[in-house]
Amino acid sequence: MMSFTAVEQPEVVIWNPMAMSKVPLKLQTILRRYNSDARVDRAQFLTNITIRGLRYTTSTKGFGNSCALLGLPSSDIKVPAVIDSIFKIQASVDTVEIVLAVRRYKALRNPCNGSSRFQAIGASIWSSELGELEIVKPGSVDSHYASLSFETAGLGAVIAVISLSRVSPPVQADDDSDMLDITIALNHLDL
């Protein structure tokens, strides 16, 4: 079986003073919390970024490509978020940094009510409410995700999220064949 390894080329971040735009006041406040030394009144706004060979966009450019799973620093949990803005900031006099403004989906108030039912297929359940805007580095992005919004009697409006990572096999192989048996996993959910 043939396998391929992607080699990430470091992107050279160039600051172009002619491409700067004014940063909205709310975003300036969030940027100051992220880096108090950064120049936050002007930035170079981008519509897309490539991270580990995958293209991510802002939600206004294309919603599907703005769906990003974010890794938490001290956990294996991946949190679904929507990319609001992608921009370059002048982090210091001689440093330019690309950052993302994202909104994470909120965790369920009582996660044991529904999340465990979906683990068989590698999905997680989140509130359909988005949190406040926050700044993250591109290295926090793990993969794209697919989602399905629905409503349940016990949880209300929620979204089911599944990673679209190429290296995350969420379903076990069927004993009788080489095919993945998603049907059995779905039948055990009692939806």
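The values are calculated or read from the model by the stated rules, or taken from the named source; none is laboratory data. Predicted model only: the values in this text are computed from it and were never measured. Please note: Cβ atoms are built from the backbone with ideal geometry, for glycine as well, and neighbour counts cover all protein chains shown. Side chains are part of the model used for accessible areas, which takes the heavy atoms of the whole protein and leaves out ligands, DNA and RNA. Shrake-Rupley method; radii C 1.70, N 1.55, O 1.52, S 1.80 Å.
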Log entry, pairs with first residue in segment 70-89 being within 21 Å of residue 123 (Cα to Cα), second being in a loop (DSSP other than H, G, I, E, B) and aromatic (Phe, Trp, Tyr), beta carbons closer than 8 Å, six or more apart or on different chains, reads 82/63
Scanning segment 22-42 residue by residue, those modelled with pLDDT of 90 or more, of a type in the set (A, V, I, L, M) and open to solvent by less than 50 Å² (accessible area, probe 1.4 Å) turn out to be 23, 27, 30, 31
Kindly establish whether residue 55 is open to solvent by 30 Å² or more (accessible area, probe 1.4 Å), modelled with pLDDT of 85 or more and touching a Pro at 6+ places or on another chain (Cβ under 9 Å).
-> no
Quick count over segment 58-73, residues being open to solvent by 50 Å² or more (accessible area, probe 1.4 Å) and either over 20 Å from residue 165 (Cα atoms) or modelled with pLDDT of 85 or more (or both), is 4
If we keep only residues of segment 90-108 that are assigned to a strand (DSSP E or B) and free of Cβ contacts under 8 Å to residues at least 40 places away in the same chain, then the residue surrounded by the fewest Cβ atoms within 10 Å (Cβ to Cβ) is 95
Picking from 186, 164, the residue that is modelled with pLDDT of 80 or more and either loosely packed, with under 12 Cβ neighbours inside 10 Å or of a type outside the set (Gly, Ala, Ser) (or both) would be 164
